[in-house]
Structures are given as structure tokens and as C-alpha cells.
1. Before anything else, pin down the relative contact order of region 18-66: Cα pairs under 8 Å, at least 6 apart, normalised by residue count, whole percent.
2. With all protein chains present, calculate the accessible area of Arg60 using a 1.4 Å probe and round the result to the nearest 10 Å².
3. How large a share of the accessible area of the chain, in percent, is made up of carbon and sulfur atoms when the probe is 1.4 Å and the other protein chains stay in place?
4. With every protein chain left in place and a probe of 1.4 Å, what is the accessible surface of Asp57, to the nearest 10 Å²?
5. Leaving out ligands and nucleic acids, and using a 1.4 Å probe, what accessible area per residue does the chain come to in Å²?
6. Ordering Glu26, Glu55 by how much accessible area each has at a 1.4 Å probe, largest first, what is the list?
7. How tilted is helix 48-63 with respect to the longest principal axis of the chain? Cα atoms for both, answer in degrees (0 to 90, nearest 10).
8. Going 7 Å from the Cα of Arg58 toward and past its Cβ, which residues in region 6-47 have a backbone nitrogen under 18 Å from where you end up?
Amino acid sequence: MVLLHSAVGTGWQAPPKGTSLKTLGEAEEQGFILIRGEFQKRQFRLTEMGFDYVERDRRRLQARGL
């Protein structure tokens, strides 16, 4: 979830420091992100499904006052 919320829009960007390959792989398997590059040059971007998921979650958190 932190990975998805760290994304700024749907453009290619570096994952947050400390993000494991396992976390990236799981998010990609679930269809939330796309990954490109290798090692330190690895980048991710939200898919349409990932972007929609994050927007719904942000609205839910705002409604709860968090």
C-alpha cells in the first residue's frame, strides 16, 4: 500500500527507498503497477487499475479524517 500511495500520477518513477523486489513483484502480479529497468535504475508506474485503487483509498481515508 505504501508503494502505491508513494506514486505521483501514472508516470514512470523510482520506487521509494527500501522497497523490496518482492513488494514490487507482488504489486505487478496483482496488476497495480508496471515495472521497467534493472537494479538501481528500476522504475514503476501505476496501471489504470492501480491509480483507481489509490484514488478510492485516498477518498476513503479523507472521509475517515485520516
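The values are calculated or read from the model by the stated rules, or taken from the named source; none is laboratory data. A quick note: this is a predicted structure, and the numbers were derived from the prediction, not measured. All Cβ positions, even for glycine, are placed from backbone atoms using ideal geometry, and neighbour counts span all protein chains on display. Only protein heavy atoms, including side chains, enter the accessible area calculation; ligands, DNA and RNA are left aside. Shrake-Rupley method; radii C 1.70, N 1.55, O 1.52, S 1.80 Å.
1. On the way: 31 pairs, mean separation 11.8, N = 49.
RCO, region 18-66: 24 percent.
2. Rounded to the nearest 10, the figure is 110 Å².
3. On the way: 2570 of 4840 Å².
Here carbon and sulfur together make up 53 percent of the probe-accessible area.
4. 20 Å²
5. On the way: 4840 Å² over 66 residues.
Dividing the accessible area of the chain by its residue count gives 73 Å².
6. Descending order: Glu26, Glu55.
7. Orientation of helix 48-63: about 40 degrees from the principal axis.
8. Within reach of a label on Arg58: 6-16, 32-34, 44-47.
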